[in-house]
Amino acid sequence: MKTTFLSKENNDVKFTMEFTAEEFEQAVVKAYQATKDQFLIDGFRKGKAPRSIIEKHYGEGIFFEDAINNMFRDGYPEAVKELEIEVIDSPNAEFSEIGKGKPMTVTITVPVYPVVDVKDYVGVEVEQVEETVGEDAVNADIAALQKRNARMVLAERPVKEGDTVLFDYSGFVGDEQFEGGTAERQELKIGSGMFIPGFEEQLVGATPGEKLDVNVTFPEDYQAENLAGKDAVFHCLVHEVKEEVLPELDDEFAKDVSEYDTLDELKKATAERLQSVADERSVNNAKDAVIEKVVESNKTDVPRVMVEDEIDQMAQDLDHQLKYQGLSLDMYLQYMQKDANEFREELREEASKKVETRVVLMSIGAKENIEVSDDEIEAELKQMADQYQMEVEKVREMLGSESITYFKKDIQLKKVIDLLYDKANVTKVAKKEEKEEEKAPESEEK
């Protein structure tokens, strides 16, 4: 097969795929071999009739359609790869005259990834807000680490806010016990808001072994319609009260929860880590500001098919996230009382913005001749392999050749963003301290 580029007009590329008469004949033979079992010819067992006999009965072109489909299926991806074009929709194909012993030419017109004439992307003026991590942030991070390593211990005292209670309960509306309102040895953290309003507060002050009644009113919008707005009583028996005990903040704590020997070393490392995160956030926010200004200066209409594909991807990503929670996109839509079309329309504006941003950035990459080397791909693959503690080849195999192509484009986009940031006029400013709003003085009546 010979591939010839013809033209590019707007976002449509036109090219030809030329097949010799020999290639066409080989495709017809393969089509015959693949479908001969479908023909019943008198005097021949099923699948044993020669090609010439089948063609005599059904016409010379009986295998042409399958042959052409197979040639197109195999040749089209090869041609797209050879021409190094990125198609975004199905192609339109025009075929030359077809016949036995004749070559075949297919003229393809297909929409490709748009490239726009970008401007005003050098010297963009943005502010980069820099944040200095203070002692309060470090202490808050250490406190969170302390809380994650807390122990739950039995408390032989009345229940108070923040305790975890182990108890039985059975719920009644009037004299009738209702379904789903009974449990044994249920754990409940007081103040978590897991039960209906007013329930948890009434357990405060109860002691282990105590029986008590909790009186509540179900909310008017409660999901169980038979209980919505009704008064109920829960007969409860408290078994255990547990309180959270935090470990002491000392050198032993540092040794237990980290690689450091002292609390001071842990605090220093925490400060460095938080500062590194803050610095990275500062740079990324500045990059986002540059991108936003560049895209605003290069407003462009993007192909609808690209927006639809982006909406599909966003919906698919949400579906994957929901499945980790034991849900699905259909269940989510039912809960939100929306149909699929409404959901897609809600995503359209964000999807359009994403596509427009990507088109502008990739156009800058094309204009600046930004390419991705094999070494850069290897470096990214190694970073991913280290992150997931896998071998590089396993990561490459997991991604597959098609995903590697998108992987390469992601690297290219990062390089474009870095270029825009490097060429921007960035003014670094310190983050303003958040001050408590001053209260207005009360006016005195005279």
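Residues Met398, Met384: which one is in a helix (DSSP H, G or I), open to solvent by 70 Å² or more (accessible area, probe 1.4 Å), farther than 23 Å from Ser90 by Cα and of a type outside the set (Asp, Glu)? Don't jump to the end; show me each part of the working.
Numbers: Met384 fails: open to solvent by 70 Å² or more (accessible area, probe 1.4 Å).
Answer to the check: Met398.
Could you please let me know if Val129 is part of a strand (DSSP E or B) and surrounded by 11 or more Cβ atoms within 10 Å (Cβ to Cβ)?
Numbers: part of a strand (DSSP E or B): yes; surrounded by 11 or more Cβ atoms within 10 Å (Cβ to Cβ): yes.
Spelling it out, Val129 is indeed part of a strand (DSSP E or B) and surrounded by 11 or more Cβ atoms within 10 Å (Cβ to Cβ).
So Glu397 ticks every box in (1) farther than 22 Å from Asn284 by Cα; (2) in contact with a helix residue (DSSP H, G or I) (Cβ under 9 Å, 6 or more places away or on another chain) but one. Which box is left unticked?
(2)
Tell me which residues, restricted to the stretch 199-217, are of a type in the set (Val, Ile, Thr) and more than 12 Å from Pro158 (Cα to Cα).
Taking the stretch 199-217 as the starting set, the residues that turn out to be of a type in the set (Val, Ile, Thr) are 204, 207, 214, 216-217.
Answer for the stretch 199-217, where residues must be of a type in the set (Val, Ile, Thr) and more than 12 Å from Pro158 (Cα to Cα): Val214, Val216, Thr217.
Is it the case, given these coordinates, that Leu413 is open to solvent by less than 70 Å² (accessible area, probe 1.4 Å), touching a Phe, Trp or Tyr at 6+ places or on another chain (Cβ under 9 Å) and at pLDDT 80 or above?
Values: open to solvent by less than 70 Å² (accessible area, probe 1.4 Å): yes; touching a Phe, Trp or Tyr at 6+ places or on another chain (Cβ under 9 Å): no; at pLDDT 80 or above: yes.
Taking the combined requirement at face value, the residue does not satisfy it.
Which ones in the stretch 95-126 are open to solvent by 50 Å² or more (accessible area, probe 1.4 Å) and closer than 30 Å to Val307 by Cα? If you could, list the steps in order and put the result at the bottom.
Kept after step one, since they are open to solvent by 50 Å² or more (accessible area, probe 1.4 Å), are these residues of the stretch 95-126: 95, 97-98, 100-103, 115, 117, 119-120, 122, 125.
The answer is Val115, Asp117, Lys119, Asp120, Val122, Glu125.
Tell me, which helices (runs of 4 or more DSSP H) wholly within the stretch 304-380 include 2 or more residues that are under 17 Å from the mean Cα position of the chain (by Cα) and buried (at least 17 other Cβ atoms within 10 Å of the Cβ)?
Values: elements: 304-324, 329-336, 340-367.
Result: 304-324, 340-367.
Among the residues of the stretch 38-66, what is the count of those that are part of a loop (DSSP other than H, G, I, E, B), loosely packed, with under 12 Cβ neighbours inside 10 Å and either in contact (Cβ under 8 Å) with a residue 40 or more places away in the chain or out of contact with any Asp or Glu (no Cβ under 9 Å at 6 or more places or on another chain) (or both)?
Residues meeting the conditions: 5.
I'd like the full set of residues that are part of a loop (DSSP other than H, G, I, E, B), within 30 Å of Ala278 (Cβ to Cβ) and in contact with a Pro (Cβ under 9 Å, 6 or more places away or on another chain), limited to the stretch 132-163.
In the first step, residues of the stretch 132-163 are kept if they are part of a loop (DSSP other than H, G, I, E, B); the result is 132-134, 149-150, 155-163.
Retained after the next criterion (residues that are within 30 Å of Ala278 (Cβ to Cβ)): 132-134, 149-150.
Across the stretch 132-163, the qualifying residues are Asn149, Ala150.
I'd like the full set of residues that are of a type outside the set (Val, Ile, Thr) and open to solvent by less than 40 Å² (accessible area, probe 1.4 Å), limited to the stretch 220-257. Steps first, please.
From the stretch 220-257, those of a type outside the set (Val, Ile, Thr) are 220-232, 234-237, 239-240, 242-244, 246-256; that's our starting set.
Scanning the stretch 220-257 gives Ala224, Leu227, Ala228, Gly229, Ala232, Phe234, Cys236, Pro247, Phe253, Ala254.
Would you call Arg185 within 11 Å of His239 (Cα to Cα), in contact (Cβ under 8 Å) with a residue 40 or more places away in the chain and open to solvent by 40 Å² or more (accessible area, probe 1.4 Å)?
Values: within 11 Å of His239 (Cα to Cα): yes; in contact (Cβ under 8 Å) with a residue 40 or more places away in the chain: yes; open to solvent by 40 Å² or more (accessible area, probe 1.4 Å): yes.
Criteria met by Arg185.
What number goes with the only condition from (1) buried (at least 17 other Cβ atoms within 10 Å of the Cβ); (2) closer than 30 Å to Leu361 by Cβ; (3) modelled with pLDDT of 95 or more that Val165 does not pass?
Condition (2) is where Val165 drops out.
Select from the stretch 197-211 the residues that are assigned to a loop (DSSP other than H, G, I, E, B) and open to solvent by less than 60 Å² (accessible area, probe 1.4 Å) and list them in ascending order.
Residues of the stretch 197-211 that are assigned to a loop (DSSP other than H, G, I, E, B), as a first pass: 197-199, 204-210.
Matches in the stretch 197-211: Gly198, Phe199, Gly205, Ala206, Thr207, Pro208, Gly209.
So is Phe178 modelled with pLDDT under 95 and either touching a strand residue (DSSP E or B) at 6+ places or on another chain (Cβ under 8 Å) or aliphatic (A, V, I, L, M) (or both) or not? Please lay out each step first, then the result.
Values: modelled with pLDDT under 95: yes; either touching a strand residue (DSSP E or B) at 6+ places or on another chain (Cβ under 8 Å) or aliphatic (A, V, I, L, M) (or both): yes.
Criteria met by Phe178.
Going residue by residue through the stretch 281-302, is there one that turns out to be more than 24 Å from Gln128 (Cα to Cα) and part of a helix (DSSP H, G or I)?
no
What's the total number of residues in the stretch 67-81 that are within 21 Å of Tyr406 (Cα to Cα) and surrounded by 15 or more Cβ atoms within 10 Å (Cβ to Cβ)?
Residues flagged as within 21 Å of Tyr406 (Cα to Cα) and surrounded by 15 or more Cβ atoms within 10 Å (Cβ to Cβ) within the stretch 67-81 amount to 3.
List pairs: first in the stretch 405-417 and closer than 15 Å to Gln383 by Cβ and in contact (Cβ under 8 Å) with a residue 24 or more places away in the chain, second open to solvent by 40 Å² or more (accessible area, probe 1.4 Å) and acidic (Asp, Glu), Cβ under 6 Å, 6+ apart or cross-chain?
From the stretch 405-417, the pairs are Ile411/Glu376; Ile411/Glu380.
The values are calculated or read from the model by the stated rules, or taken from the named source; none is laboratory data. What you see is a predicted model; the values in this text were computed from it and never measured. Here Cβ is always computed from backbone atoms with ideal geometry, including for glycine, and neighbour counts include all displayed protein chains. The accessibility values were calculated without ligands, DNA or RNA, using every heavy atom of the protein model including side chains. Shrake-Rupley method; radii C 1.70, N 1.55, O 1.52, S 1.80 Å.
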